[in-house]
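Asks: Got a structure for you, questions after.
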Amino acid sequence: MAPRKPPPSPLRPCLQMKVDELFLRWLSDPGTQRALRAGLRRIQGPAVILDHTVTPNPATALDSATKAIAAPAKIAPPDPAVTPNPAAIASSTAITKFSASRKRNRHRAVPPRGEEPGPKAPLPGRGIPAFYFPRGRPGQGPDVDDVIADVERAFARLPSGRAGLQDMGVVAKACCCPLYWKAPLFLAAGGGAQGGFVSARDIIGLWKPILLTCHDEAARFERLLGGPGDGGLSPEDLAPLVQDVADSHPGLSFLREAEPLRRDYVTTVTQRVFYAVNRSWSGRISCQEIRRSCFLQAVSQLEAEPNPGRATPSFFSYPHFCVIVSKFQALDADGDGLIDRHDLRRHADGAISSRMIDRIFSGAVTRARPSPEGGKMGLADFVWFLLSEEDKTTPTSTEYWFRCMDLDGDGVLSAPELSFFYEEQAQNLAARGAEPPPFADLTRQALDLVQPRCPGQITLGDLKRCGLAGEFFDAFFNADKFLEHERREPAGPVRAPDADPTLSDWDRFAAAEYDFLLAEEAQDDDAWEEGPSPRSESPPSSPDPYDFADDTLDPL
């Protein structure tokens, strides 16, 4: 066998020699020499090392630097006998800094005796105008002195010089506030703890600091309801305002006779506000979120609108409240105000897959922590579910269902996650007599529909950008709506030709369901007018047309 040839010698030494040659050629260039000399002149100075002062020569320093760069570096091991003393190093550093400070002071221009010093240079950033106003731009609010005078005149016209909650409408107007800020204003001034009355001094002591520090309506509202600090508003902070609307609005007078219904109204309206305004999902509405929303405009419209359902957006709509509560009561079989996953599976005749129901109760989108028994859902969480299910065009609904489908929480819907939900969806489609499409074909259609920026990975931004998130979600966990989408072409929202384009999917759904509830009530009234049945001894009383919590209402 022939002897093995030795491997060729590596080329690294030759390459290193070539690099050194090119570097020396660059270093010997006259332009490089001039640049190095100029740099040395800029950085040279008397260096103080302990008690020795060394003034380097530029030419000598240049030659030494050139030789040091050209010569190969040799690193010797450290000698333990000459280890530097940390105290000496600290002392040398301090002396060097002191010498540099004296040099700067020596070259500082001193004006001659008898002359005034020139103007000082502005500090960095002093000339940049302010551009961030978290509490509103100053100068936009009402005049503080005028408001104080109006408040004093308003209290002077009151019989006792004090105001109860029923008198706070006049005081709120004197404070340049909408009418339905009166209850938060009354409670923040101490009306709840002073026998139900407040004085002009209480209101001025509360409102003057707010006017001085909060310069727009959103900042004043957040400070009034939430108190000092930037923690935002919780549902409990918003409840007094909604409670006052339910107690004093003329279009909601019938709620005053039914305390459970009024309590459900406050919960429903509060959660609808958080659903639309709290875009951060933090559970607390910030001042910036209030400023970006239409909530304060809706509160202002309540003053001039006798029907709260006509305010836009319809946070305070009583018909919408009736639809939500009737749907919840239809699922709450035992009437304890809570529903479990088995109750929720009966929603829409079981159209939503059980795997998606389990994800909802897993805590991905609910506020309450799941219990060991599987968790319960109250009216507050049901509001979020129903709004997200019936209107998948809103940003909050897209985030709601994306959180449910994102099993691993990585912000991306991958093929295994889509397959997990489609397995049961295919079974539900087959149970309804429809042939489920293969998963591979459905996935390709979904990718064509969403057009993700990263192939094969669907993000929340992709679903919001495509505008067809509802069709995508229904294809994987809602059998009835998926079949409804398949029966029409092209893809897009379901709308009647004469439908109002300003109405959302939720508005159309709530209007149709409310008409259905009214029709059922009319049928019940007609049945009682025909007379009692032969078995009954006396006819029962006629049901209240507004009370949809009555037991005579058939479950939907």
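The values are calculated or read from the model by the stated rules, or taken from the named source; none is laboratory data. Since we're looking at a predicted model, the values are computed, not measured. All Cβ positions, even for glycine, are placed from backbone atoms using ideal geometry, and neighbour counts span all protein chains on display. Note: accessible area is taken over every heavy atom of the protein model, side chains too, but ligands, DNA and RNA are not part of it. Shrake-Rupley method; radii C 1.70, N 1.55, O 1.52, S 1.80 Å.
Asks: For region 239-288, name all the residues that are under 27 Å from the mean Cα position of the chain (by Cα) and of a type in the set (A, V, I, L, M).
Replies: Ala239, Leu241, Val242, Val245, Val266, Val269, Val273, Ala276, Val277, Ile285 - these are the residues of region 239-288 that are under 27 Å from the mean Cα position of the chain (by Cα) and of a type in the set (A, V, I, L, M).
Asks: Something else now. Can you tell me which of (1) open to solvent by 70 Å² or more (accessible area, probe 1.4 Å); (2) under 25 Å from Trp281 (Cα atoms); (3) part of a helix (DSSP H, G or I) is the one Ser388 doesn't meet?
Replies: Of everything listed in (1) open to solvent by 70 Å² or more (accessible area, probe 1.4 Å); (2) under 25 Å from Trp281 (Cα atoms); (3) part of a helix (DSSP H, G or I), Ser388 misses just condition (1).
Asks: Select from region 457-484 the residues that are over 21 Å from the mean Cα position of the chain (by Cα), open to solvent by 40 Å² or more (accessible area, probe 1.4 Å) and in contact (Cβ under 8 Å) with a residue 40 or more places away in the chain and list them in ascending order.
Replies: Gln457, Asp480, Lys481
Asks: Here's something else I'd like to know. Of all residues in region 1-40, which are part of a helix (DSSP H, G or I), open to solvent by 100 Å² or more (accessible area, probe 1.4 Å) and either modelled with pLDDT of 85 or more or hydrophobic (A, V, I, L, M, F, W, C) (or both)?
Replies: Leu15, Met17, Trp26, Arg34, Arg37
Asks: Another question about this same structure. Condition check: modelled with pLDDT of 95 or more, over 20 Å from the mean Cα position of the chain (by Cα) and crowded, with 18+ Cβ neighbours inside 10 Å. Does Tyr422 satisfy that? It would help to see each step written out before you state the result.
Replies: Working: modelled with pLDDT of 95 or more: yes; over 20 Å from the mean Cα position of the chain (by Cα): yes; crowded, with 18+ Cβ neighbours inside 10 Å: yes.
Here the answer is yes, as Tyr422 does meet what is asked.
Asks: Conditions first: (1) within 19 Å of Cys214 (Cα to Cα); (2) over 29 Å from the mean Cα position of the chain (by Cα). Gly141 passes all but one, so which condition is the exception?
Replies: (2)
Asks: Of the residues in region 432-452, how many are among the acidic types (Asp, Glu), open to solvent by 60 Å² or more (accessible area, probe 1.4 Å), more than 20 Å from Lys464 (Cβ to Cβ) and in a helix (DSSP H, G or I)? First the steps, then the outcome.
Replies: Narrowing region 432-452 to residues among the acidic types (Asp, Glu): 435, 441, 448.
Okay, now just the ones that are also open to solvent by 60 Å² or more (accessible area, probe 1.4 Å), so 435, 448.
Remaining after also requiring more than 20 Å from Lys464 (Cβ to Cβ): 435.
This time we only want the ones that are in a helix (DSSP H, G or I), so: none.
The qualifying residues number 0.
Asks: Select from region 178-200 the residues that are open to solvent by less than 10 Å² (accessible area, probe 1.4 Å) and free of Cβ contacts under 8 Å to residues at least 40 places away in the same chain and list them in ascending order.
Replies: Selection gives Leu185, Gly191, Val198.
Asks: In this structure, does Thr312 turn out to be at pLDDT 95 or above and of a type in the set (Ser, Thr, Tyr)? Explain how you work it out, then say what you get.
Replies: Details: at pLDDT 95 or above: no; of a type in the set (Ser, Thr, Tyr): yes.
Considered against the rule, which asks whether it is at pLDDT 95 or above and of a type in the set (Ser, Thr, Tyr), Thr312 comes out as no.
Asks: What number of residues in region 220-256 are among the acidic types (Asp, Glu), modelled with pLDDT of 90 or more and not in a helix (DSSP H, G or I)?
Replies: Start the filter on region 220-256 by keeping residues that are among the acidic types (Asp, Glu), which leaves 222, 230, 236-237, 244, 247.
From what is left, the residues that are modelled with pLDDT of 90 or more are 222, 236-237, 244, 247.
Next, only the ones that are not in a helix (DSSP H, G or I) stay: none.
Final tally of qualifying residues: 0.
Asks: Look through region 331-363, keep the residues that are free of Cβ contacts under 8 Å to residues at least 12 places away in the same chain and part of a loop (DSSP other than H, G, I, E, B), and return whichever of them is least open to solvent (accessible area, probe 1.4 Å).
Replies: Asp332
Asks: Now, a different point. Filter region 206-229 down to residues that are without any contact (Cβ under 8 Å) to a residue 12 or more places away in the chain and over 25 Å from Tyr265 (Cα atoms) and give me whichever is most open to solvent (accessible area, probe 1.4 Å).
Replies: Looking only at region 206-229, we keep the residues that are without any contact (Cβ under 8 Å) to a residue 12 or more places away in the chain, and these are 209, 226, 228-229.
Narrowing further to those that are over 25 Å from Tyr265 (Cα atoms): 209, 228-229.
Working: Pro209: 54, Pro228: 111, Gly229: 41 Å².
Per the stated criteria, the residue is Pro228.
Asks: On to the next question. Report, by residue number, each residue of region 327-383 that is aromatic (Phe, Trp, Tyr) and modelled with pLDDT of 95 or more.
Replies: Of all residues in region 327-383, those aromatic (Phe, Trp, Tyr) come to 328, 361, 382.
Hits for region 327-383 are Phe328, Phe382.
Asks: Tyr400: of a type outside the set (S, T, N, Q), within 30 Å of Arg263 (Cβ to Cβ) and either under 23 Å from the mean Cα position of the chain (by Cα) or buried (at least 19 other Cβ atoms within 10 Å of the Cβ) (or both), yes or no?
Replies: Working: of a type outside the set (S, T, N, Q): yes; within 30 Å of Arg263 (Cβ to Cβ): yes; either under 23 Å from the mean Cα position of the chain (by Cα) or buried (at least 19 other Cβ atoms within 10 Å of the Cβ) (or both): yes.
It is true that Tyr400 is of a type outside the set (S, T, N, Q), within 30 Å of Arg263 (Cβ to Cβ) and either under 23 Å from the mean Cα position of the chain (by Cα) or buried (at least 19 other Cβ atoms within 10 Å of the Cβ) (or both).
Asks: Can you find, within region 283-296, the residue that is surrounded by the most Cβ atoms within 10 Å (Cβ to Cβ) among those that are in contact with an Asp or Glu (Cβ under 9 Å, 6 or more places away or on another chain) and not in a helix (DSSP H, G or I)?
Replies: Ranking the qualifying residues of region 283-296, first place goes to Ile285.
Asks: Could you pull out the residue among Gly251, Gly232 that is surrounded by 15 or more Cβ atoms within 10 Å (Cβ to Cβ) and at positive phi? Steps first, please.
Replies: On the way: Gly251 fails: at positive phi.
Step by step, each of Gly251, Gly232 is checked, and only Gly232 is surrounded by 15 or more Cβ atoms within 10 Å (Cβ to Cβ) and at positive phi.
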